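Presented below is the structure to which this report refers.
Taken together, the values in this text are just the output of simple stated rules run on the coordinates, not laboratory data. Please read these numbers as outputs of a predicted model, since none were measured by experiment. Using ideal geometry, Cβ is built from the backbone for each residue, glycine included, and neighbour counts are taken over all protein chains shown.
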Amino acid sequence: MTRLLIVDDHTIVREGLRMLLEEAPGVQIVGEAADGPAAVEQALALHPDVILLDLMLPGIDGVEAARRILTQQPQCRILVLTSFADDQNVLAAMQAGVAGYLLKDVLRADLVNAIGRVSRGEPVLHPEAQRTLIQHAASPAAEPDRLTERERQVLALIARGHNNREIAERLHITEGTVKGHVSNILSKLHLQDRTQAALYAVQHGLAE
């Protein structure tokens, strides 16, 4: 069961999300917050697995709230659900460490799926956010040609949201081999986790 905290400054949006998600399988809504400081306070008090976070919040904005939460609870996964995918918001959110970025036009089934994916540590990006990253994100110093062909294949599948078991099945290799490739990818590209790897793949056109 994924423990979910909903953060949005509009009461009707929070109520709507609760109605959409309270019957979703595998999701337990543990709380709500209407501003940035309350989001941080609730996150520290309730220890949610996933926070559904709007970026436009009073007090402190969603990006700063995400930074503060993840500094104290790095195991928490934050899924941005907002109205804008402009370069400043997308880049700032990803740099803050969020696990996913969706727009509010998302379908209920896709939102439920995204919550499950980020709870498992898989990145989720709306197509508009992906395009923004491709067009505007600064390229890391590491070069993609440092990867082997197999590592490129694994990286592309990470960017598409596949877990190690799914990657192993698609490439007809063992899950242990996949774990080794993922470790090599993170080491060679100086990345910290799968979310950063997915972002790197998008930036370098390796997610196709």
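Extending 7 Å from Cα along the Cβ direction at M56 and again at E175 yields two label points whose distance is 4.3 nm. Working note: Debye formula, equal point scatterers on the alpha-carbon atoms of the chain, no solvent; log10 I(q)/I(0) at q = 0.08, 0.09, 0.13, 0.18 Å⁻¹ is -0.27, -0.34, -0.70, -1.24.
Couplings 3J(HN,Hα) of the range 68-84, computed from phi: 5, 5, 6, 5, 9, 9, x, 6, 6, 10, 10, 10, 6, 10, 9, 9, 10 Hz, in residue order, whole Hz [Karplus 6.51 cos²θ - 1.76 cosθ + 1.60, θ = phi - 60°; x for Gly and Pro].
With Cα atoms defining each centre, the range 12-67 and the range 82-122 are spaced 13 Å apart in the structure. Strictly greater than 12 Å: what percent of every Cα pair in the range 144-203 meets that? Considering the range 144-203, 60 percent of its Cα-Cα pairs are separated by more than 12 Å. Using a cutoff of 8 angstrom between alpha carbon atoms and counting only pairs six or more residues apart, the relative contact order for the chain works out to 16 percent. Result for the chain in a Gaussian network model with C-alpha springs under 10 Å: among E151, E175, E128, the largest mean-square fluctuation is at E175. On full extension, the segment bounded by S83 and A45 gains 10.9 nm, given 0.36 nm per residue less the C-alpha separation. Among T2, I185, L107, whose Cα lies farthest out toward the positive end of the dipole of the chain, if unit charges sit on the beta carbon of Lys, Arg (+1) and Asp, Glu (-1)? Selected residue: I185. Assuming charge only on the beta carbon of Lys and Arg (+1) and of Asp and Glu (-1), the dipole of the chain about its Cα centre is about 680 debye to the nearest 20. Relative to the longest principal axis of the C-alpha atoms of the chain, give the angle of the C-alpha long axis of helix 36-46, reported between 0 and 90° and rounded to the nearest 10°. For 36-46 against the chain, the angle is about 80 degrees. The GluC sites (Glu not before Pro) of the range 1-81 that meet both conditions, a loop assignment by DSSP and at most 12 other Cβ atoms within 10 Å of the site Cβ, are E22, E23.
Once every DSSP H run of n ≥ 4 in the chain is given -39500 (n - 2.57) and the sum is divided by its residues, what mean residue ellipticity at 222 nm do you get, rounded to the nearest 500 deg cm²/dmol? Before the final figure, lay out each step's value.
Numbers: 10 runs with 109 residues, N = 208.
That comes out to -16000 deg cm²/dmol.
Taking G36, G16, G121 in turn, the Gaussian network model of the chain (Cα-Cα springs below 10 Å) assigns the largest fluctuation to G16. Extension gain, K104 to Q72, is 8.8 nm, computed as 0.36 nm per intervening residue step minus the present C-alpha separation.
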